[in-house]
1. Tell me, how many Å apart are the Cα centres for the stretch 77-133 and for the stretch 138-155?
2. Step by step: find N for the stretch 50-112, compute 2.2 N^0.38 Å, then divide the Cα radius of gyration by it. What's the final number?
3. For Asp75 and Asp149, FRET efficiency with R0 = 45 Å and r from the beta-carbon atoms, rounded to 0.05?
4. Students often check this: by mean Cβ neighbours within 10 Å, which of 30-39, 90-99, 145-154 ranks highest, and how do the rest follow?
5. Which of the pairs Lys70/Lys145; Lys70/Lys103; Lys128/Lys166 have their Cα atoms more than 20 Å apart in this structure?
6. Highest first, please rank the peptides 62-68, 131-137 by the mean number of other Cβ atoms sitting within 10 Å of their residues.
7. Residues in the stretch 136-151, backbone N under 20 Å from the label point at Ser157 (7 Å along the Cα-to-beta-carbon vector): list them, ranges by number please.
8. For Ala112, what charge total do you get from the other residues with a beta carbon under 11 Å from its beta carbon, if Lys and Arg give +1 and Asp and Glu give -1?
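Where a number appears in this text, it was derived from the coordinates with a stated rule and is not lab data. Being a predicted model, the structure only gives us computed values, none of them experimental. Positions of Cβ are generated from backbone atoms using ideal geometry, with glycine treated the same way; all protein chains shown enter the neighbour counts.
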Amino acid sequence: MRKPIALLAIAAAIGALLVQTSAPALAHGSMVWPGSRTYLCYQDGRAGSGGGDLQPTNPACVAAVAQGGKQPLWDWYGNLISNAAGRHREIIPDGSLCGPTTKYDAYNLSRADWPVTQVTANASVTFKYNAWAPHPGTWEQYVTKDGFDVTKPLKWSDLEPVPFDKITN
């Protein structure tokens, strides 16, 4: 069964948000392969600029910057709730899974044109995480269910019930 490549990018974005503080892990950072929305928009902004500013060219990234400014791109590694303590489903409401705080809310925009990382179907994938500021926690990653509509807000019920990856160290 094949899932659209966009689902891996969504899974990476969700994984960046579901940091728990109940056990140690490299928790303050983000997925860089496949990239999270904020990381890929940061990379897009770097590629689109001629100097020290960020100028995204991807339409979804441009819309996110128009709504929330450029600071989330500079802080691409900080999209988390560090005191969730395993209660992420309680404290992150439906529609806010890709940006659970005001600073990153623009990354919840329901669009089909977010940048994605191309992944070959049925290939072995090595996930890469940039641990910008390591501290205790657990990292969980989820995949959306078949039939998820990227043009609608992402809800917990859109995700498979069990994470496909969980790291505590």
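1. Taking the Cα centre of each part, the stretch 77-133 and the stretch 138-155 sit 10 Å apart.
2. Numbers: Rg = 13.0 Å, N = 63, 2.2 N^0.38 = 10.6 Å.
After normalising by residue count via 2.2 N^0.38 Å, the value is 1.23.
3. On the way: r = 29 Å, r/R0 = 0.64.
After rounding to 0.05, the efficiency reads 0.95.
4. Working: 30-39: 25.1, 90-99: 17.6, 145-154: 12.9.
My ranking of the peptides, most packed first, is 30-39, 90-99, 145-154.
5. On the way: Lys70/Lys145 31 Å; Lys70/Lys103 10 Å; Lys128/Lys166 14 Å.
The answer is Lys70/Lys145.
6. Details: 62-68: 17.6, 131-137: 15.4.
Taking the mean over residues of other Cβ atoms within 10 Å, the ranking is 62-68, 131-137.
7. The answer is 142-151, whose backbone nitrogens lie closer than 20 Å to the label point.
8. Working: positive: Arg111, Lys152; negative: Asp113, Asp149.
Taking every other residue near Ala112 into account, the sum is 0.
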